[in-house]
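Structure, as structure tokens:
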Amino acid sequence: MKKLFQRSGVDLLAALLPLIIMLCIVTAEIIRGSMKNESPTISSDFNYGWVTESGAEISAERLPKGRLVISHSLTGTDISDRDLCFKTSNANVRVLFDDKTAYEYRFVPVTPLFGKSYGMRINMVPIPVGASAVTLELEPLYENGSADLSKITIEESGEFLNALYRKELPGFSLCVLLFLYGASMLVIGLMTKGTSDKKTVDFFSLGAFSMLIGIYSSNETCVLQLITERPEVVRFCAALALMFISYFPVSFVASVTHQRGTVCLPILSAMIILNFVLTVTLSMTGVSDVALMLTFSHICIAIAVFMTFFLMRRAIKNKTNDRGFLHTVVIGMSSAMAGAAVDLVRFIAIKNRILGNSLFTRAGVLIFVLLMGMHLMRVRTRLAVEKERSELMETLAYTDGLTGINNRLAFHKKESEIRNEHINCTVVQLDINDLKKVNDEYGHAEGDRRIIDAVSIITESFSEIGTCYRTGGDEFIVIVQQSDETGVKNALAALEEKAAAYNEKNAPPVPMQIAYGYAKYTACEDMLEAAEQLADKRMYEKKKQMKSNNN
């Protein structure tokens, strides 16, 4: 265990530093809370002191089910240039001052797909001068449900919004960071998508998971609701994110533990698709609602958690997992759990939380996806190095050391390709005349220069129509993947002209001469070996012709 964590010093520091920051912020909140009473208040808390029609006192934080009318006295409250500000969820609301209607909001869904509720709404109602009492008429949008009412204050609406933004922006910033980080992972995934290597890293699952977490978490922050003024759309997007979010952690773990063929993924996919189809169908027909169907999404998430632990356990048992990945997962999950624990402590110990209910949970999830992303980048870098090394070794294996063109092994590979893919081509055999004489009389260094110069002439002549292979000391084959003889004849004519120009320019003691012969090969009709033999025969005939002409 000691050795395991010694390998992850950087990752451990990356995980602990944000947690230290979390604890510092919590401490600052506690100090701020203890000093709060020393500063003058600019708002009046109206969560308590409400009275029902029957005269019973009630708290706005815990409302009974069904339609409700509650009132609150404004006597003794400074209402000058102030507004009644509050949040509502899942309820239509009507505000009356001294029995006169001042504000009313009734939710009318644009489409049944969004459901019967708008989610959460910020309401700010100017208070008339001289008002002595305020009455709220609340009508739950769900049958047998209760209205959700919170954060009721009397203050200037601008101050209310500023306080709300100050509280929610840190959490919303984390949501944006999660979304952008996930988008960057998807971009990296697209960059590696083209490879056929089975070891490629699954950036898509981590990226999609991070983006969906960001989308879902943003619903809690109120920022998007304030910006868009369409809380029902924000809530619907969050419900969709929650619906699909369960698939990607399982897909990610299956990928990094080399279990892509697991039956867990198709089972989970079928459940998610069924959940989506049922939700859309029942919502559009009015039978149910997106919010009421969230239970099925929660079930999928619970099953996904079980599948994730199952895949991890099987990977450990089969010893197919990367120990570095395992310790990264442990640290990342510990960060997420620590964030959730900090939020739980804040929820119990700190009544007025300036950073939202689940800020540190989101921070912990962010640390988790960051650590997993760091691991994936390390794996991607290693695979890239291995691939580059493999390509280099393949290049060296198929390249002639002297001339830099394809060697005999590469030619045999090309032969297999021609046979397997039934490629029509023309085989051109070439041979350097009198190379032995050059080696014997002027040395092998001069012979090597003659080979290099001959290769330059051959490759320049056939550069537009074929590929040249060195198959022996002074023997070459060009494969022309076309059946038209005109291109081959033009290339051979160019070869003779270049050889003549070489002799005229350099005046070598042994003139440069390259013998050649070619033959067509038709797939599924001829034998490739027969075409090669015919081209070789014609090349030797050309060689004899050249020697007789010289004599």
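The values are calculated or read from the model by the stated rules, or taken from the named source; none is laboratory data. Nothing here was measured: the structure is a model prediction, and the numbers come from that model. Note that each Cβ is placed from the backbone with ideal geometry, even for glycine, and that neighbours are counted across all protein chains shown.
Numbers below:
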read-out: Residue, modelled with the lowest pLDDT, within the stretch 238-288, restricted to residues that are among the aromatic types (Phe, Trp, Tyr) and closer than 22 Å to GLY189 by Cβ; value: PHE252
read-out: Selection count, the stretch 366-418, where residues are under 22 Å from GLU529 (Cβ atoms) and of a type in the set (A, V, I, L, M); value: 3
read-out: Meets criteria (among the polar types (S, T, N, Q) and either at pLDDT 85 or above or assigned to a helix (DSSP H, G or I) (or both)) for SER196; value: no
read-out: Residue satisfying all of: in the stretch 420-449; acidic (Asp, Glu) and in a helix (DSSP H, G or I); nearest to VAL478 (Cα to Cα) among these; value: ASP448
read-out: Every residue from the stretch 108-141 that is in contact (Cβ under 8 Å) with a residue 60 or more places away in the chain, in contact with a Ser or Thr (Cβ under 7 Å, 6 or more places away or on another chain) and in a loop (DSSP other than H, G, I, E, B); value: GLY115, GLY119
read-out: Looking only at the stretch 476-488, and only at residues there that are over 48 Å from the mean Cα position of the chain (by Cα) and either surrounded by fewer than 17 Cβ atoms within 10 Å (Cβ to Cβ) or part of a loop (DSSP other than H, G, I, E, B) (or both), the one that is modelled with the lowest pLDDT; value: ASP484
read-out: Sole exception among (1) of a type in the set (S, T, N, Q); (2) assigned by TED's automatic domain parsing to the domain that holds ILE514; (3) buried (at least 19 other Cβ atoms within 10 Å of the Cβ) for SER463, by number; value: (3)
read-out: Residue identified as touching a strand residue (DSSP E or B) at 6+ places or on another chain (Cβ under 8 Å) and assigned to a helix (DSSP H, G or I) among ARG235, ARG166; value: ARG235
read-out: Residue in the stretch 139-152 that is surrounded by 16 or more Cβ atoms within 10 Å (Cβ to Cβ) and more than 24 Å from ALA291 (Cα to Cα) present; value: yes
read-out: Qualifying residue in the stretch 378-385 (condition: within 17 Å of PHE203 (Cβ to Cβ), crowded, with 18+ Cβ neighbours inside 10 Å and either out of contact with any helix residue (DSSP H, G or I) (no Cβ under 9 Å at 6 or more places or on another chain) or free of Cβ contacts under 8 Å to residues at least 40 places away in the same chain (or both)); value: no
read-out: Considering residues of the stretch 506-537 that are of a type in the set (Gly, Ala, Ser) and in a loop (DSSP other than H, G, I, E, B) only, the residue modelled with the lowest pLDDT; value: ALA523
read-out: Of all residues making up the stretch 465-505, the number that are in contact (Cβ under 8 Å) with a residue 12 or more places away in the chain and within 22 Å of ASN424 (Cβ to Cβ); value: 19
read-out: The stretch 430-460: number of residues that are over 16 Å from TYR502 (Cβ atoms) and crowded, with 17+ Cβ neighbours inside 10 Å; value: 2
read-out: Yes/no for THR361 being in the same structural domain as GLU168 (by TED's automatic domain parsing), at pLDDT below 90, in a helix (DSSP H, G or I) and touching a helix residue (DSSP H, G or I) at 6+ places or on another chain (Cβ under 7 Å); value: yes
read-out: Qualifying residue in the stretch 453-474 (condition: assigned to a strand (DSSP E or B) and either touching a Cys at 6+ places or on another chain (Cβ under 8 Å) or on the phi > 0 side of the Ramachandran plot (or both)); value: no
